[in-house]
Amino acid sequence: MTRSFTAWQRLLHWAMAIAILGMLFIGVGMVSTIAPSYLPLIATHRTLGIVILVLAVVRLGLRWRYGAPPLPVSMPIPMRLAAHLSPYAFYALMLGMPLIGWAMMSAAAYPIVLLGHIRLPPILPQSDALHTLLWKAHVYLAFAFFALVVMHVAAALYHALVRRDGVFETMASVRADRAAAE
Amino acid sequence: MSSGTPPARARTLGSFAAILVVAGAGVGAFAYAAGWLTPDRLTPARMLAALDGPKGPALGHRRNHAKGICFTGIFAASGEGREITRASVLASGQYPVVGRFNLGTTEPDSPDATVRVRGMGLQITAPDGAVWRMAMIDPPFFPVATPRAFYDLQVASHSTERGAMPAFIAQHPEFRAFAEWAGSAPWTGSYAETGFNSLDSFVFTDTQGYDHPVRWSLLPDATVTALTQAQLAAMGPDHLEQEIRARVAAAPQSWRMVVTLADPIDQTADPSKAWPEDRRRMEVGTLIVQRIEAERDGPCRDINFDPTVLPDGMSVSDDPFPAARSAAYARSYNLRAAEVRDYPYQRAAATEASR
Ligand code: HEM
Ligand code: HEM
């Protein structure tokens, strides 16, 4: 390995990893409770979700600008394929989930309020049909997202513990510079 | 990969085991958060199932307060409310409203005189776009003290076991006051002669940042004529909708919105307990209903009058109901919006035409 992701890319990756896992747990937790915590959970869900949308756009820009470190040549073809395709799935979900959430709430004519007083405009008119479509999409894609995260973690650990090929370190190193942990 | 020698193979196996444990723990934690491992958790889905009862839901309709009719009009704020909240909806001015008169039943075809509780859903929109939604009912207090007790009440009232209701009442003595109200309060022949109460407590926050725990009511300006249940029944199964349509067509109908401020000794967590009569009250505005529209093509059907949709300057208190209601109403909304095909638009339109 010759280089890792840039420091900004790594910082964003780990911040967003925590935020997205948080969103998935908050999401399934809030829709299965009627306790008073429902309200702070859904308020956090909206705000953090939009933060993820903004960060995902920034991250996409960084990825476009700096790219990703090359994969080790020793990796078998199917693994390389998975490694090349998974970022597309992640970016689609990081951008898509918040947009679907926002659109879904718009289609139900809910005010979309962040941090208690910042109001976002609706991005769709009220529509039962659109709301239903987006609601189902938000739920099913959320589960797909979680499955993807679990596989991603398993793959990362496989690189770190079994293959020990430096792929894990390209994202995990805490060094500020772009040179590699070898 | 170097899995040739035995120690290396053991290390690899250990690594795979570690990966499995991490992934398994993640999935387990997720399942726990989603409530799949705790079937006792009171979820919105269970709450709605309890409301539905053994007959199941009326598809396409609200899972409670299913019978109703839409209205539009204005809220004329007096400006007095600005003393206790910075919310722009209570600054002096006239703001558009959309609302819904309704009956507290899970069956949209219930005859009016069989439903004891009447409700109103209301949305006021301030010029700056801030929205205040509420859903209020006419009893002076709620039947039960906690959302869990509301669930138990639904289960008991649908139970075919003898003694289910008496057992419920023994565990929830607050229900007696409600039963007494339901048995003795006069009925009226009009939504315009009905008052509506928030029952739940909320917190208003003024421009200085001070909090004021409040409840509010909409008091009818119309003269109230008391009826017996039998008199209302004799007027027909859909009298209330026909009457309010004709009445508003003849003249707008109005309600004064009165906010009651809690004394420091008043509890805010339990809507089954009314506050003493002598608490300070403020008249913050007048609701003027100008137009009635059938629910099926009116502007209220596809709104969720979620009582936690509050403008800046208003928030929930330690009353656990608004959160529970918000969770349950959202699910009710999701389901009914997905069931529009079952909403009996055609049937209702046909019977109306043949009248
Ligand atoms: C990365 C971003 C997001 C993720 C991973 C995510 C994930 C989830 C999950 C897991 C659920 C629970 C699904 C279920 O089991 O029913 C959920 C529900 C929900 N999400 Fe999101 N979400 C995201 C962004 C947003 C945003 C930005 C909004 C709104 C502005 C939003 C609004 C909602 C709402 C209203 C629900 C409740 C749906 C219901 O009523 O059942 N989400 N989300
Ligand atoms: C935990 C307790 C409660 C539960 C589970 C519950 C459940 C529901 C549900 C599922 C709906 C239909 C929502 C929709 O689809 O839009 C509804 C509507 C309504 N509820 Fe409740 N409710 C509760 C407590 C209350 C309280 C305390 C009040 C009044 C103070 C109230 C007043 C109303 C009114 C007026 C409506 C009709 C609103 C409209 O026209 O859309 N409910 N309730």
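Each reported figure results from applying straightforward, stated rules to the coordinates on display, with no laboratory input. All values derive from a computational prediction rather than experimental measurement. Positions of Cβ are generated from backbone atoms using ideal geometry, with glycine treated the same way; all protein chains shown enter the neighbour counts.
Quick one: dipole size for chain A, taken about the Cα centre, charges +1 on Lys/Arg Cβ and -1 on Asp/Glu Cβ, in debye to the nearest 20. Before the final figure, lay out the partial values.
Numbers: 13 positive and 5 negative charges, 63 e Å.
Dipole magnitude for chain A comes out near 300 debye.
With contacts defined as alpha carbon pairs under 8 Å and 6 or more residues apart, what's the relative contact order of the stretch B:82-123 in percent? Intermediate values should be presented prior to the final figure.
Working: 34 pairs, mean separation 16.9, N = 42.
Relative CO of the stretch B:82-123 lands at 40 percent.
GNM on chain B, C-alpha springs below 10 Å: top fluctuator among B:Pro166, B:Pro54, B:Pro39?
B:Pro39
Tell me which of B:Ser217, B:Thr106, B:Val203 sits at the most positive position along the dipole axis of the stretch B:64-323, charges placed on C-beta atoms (Lys, Arg +1; Asp, Glu -1).
Of the options given, the answer is B:Thr106.
How tilted is helix A:77-107 with respect to the longest principal axis of chain A? Cα atoms for both, answer in degrees (0 to 90, nearest 10).
Once rounded, the angle reads 20 degrees.
Return the distance in nm (one decimal) between the two label points of a simple spin-label model at B:Ala76 and B:Ala230, each offset 7 Å from Cα along Cα→Cβ.
4.2
List the equivalent ellipsoid semi-axes of the protein assembly as shown in whole Å, largest first, each obtained as the square root of 5λ for an eigenvalue λ of the Cα gyration tensor.
Equivalent-ellipsoid dimensions as semi-axes: 53, 25, 22 Å.
With an 8 Å Cα cut-off and a minimum separation of 6 or more residues, compute the relative contact order for chain B in percent. The partial results should precede the final answer.
Details: 678 pairs, mean separation 79.8, N = 355.
Once divided by the residue count of chain B, the mean separation gives 22 percent.
Mind listing the Cα extents of the stretch B:71-165 along all three principal axes, in Å, largest one first?
Principal-axis extents of the stretch B:71-165 (Cα, largest first): 55, 29, 21 Å.
In degrees between 0 and 90, to the nearest 10, how far off the longest principal axis of chain B does helix B:321-338 point, with axes built from Cα atoms?
Approximately 90 degrees, to the nearest 10.
Taking only Cα atoms, what is the 0 to 90° angle, nearest 10, from helix A:7-30's long axis to the longest principal axis of chain A?
40
Hey, can you rank B:11-21, B:98-108 by average C-beta count inside 10 Å, highest first?
Working: B:11-21: 13.8, B:98-108: 22.5.
The peptides rank, most packed first, as B:98-108, B:11-21.
Hey, what's the per residue convex hull volume over the C-alpha atoms of the stretch B:64-323, in cubic angstrom? Before the final figure, lay out the partial values.
Numbers: hull volume 34.0 nm³, N = 260.
Taking the convex hull of the Cα positions in the stretch B:64-323, it is 131 Å³ per residue.
Could you give the C-alpha radius of gyration of chain A expressed as a fraction of 2.2 N^0.38 Å, taking N as the number of residues it contains? Walk me through the numbers on the way to the answer.
Working: Rg = 18.4 Å, N = 182, 2.2 N^0.38 = 15.9 Å.
Expressed relative to 2.2 N^0.38 Å, the Cα Rg reads 1.16.
Work out the charge dipole of chain B with +1 on the Cβ of Lys and Arg and -1 on the Cβ of Asp and Glu about the Cα centre, then indicate which of B:Tyr333, B:Gln242, B:Ser184 is farthest towards its positive end.
Of the options given, the answer is B:Tyr333.
For peptide A:21-33, compute the average count of partner chain beta-carbon atoms within 10 Å of each residue's beta-carbon.
On the way: counts 3, 0, 0, 4, 6, 1, 2, 7, 5, 4, 9, 12, 9.
Partner Cβ neighbours, averaged per residue: 5.
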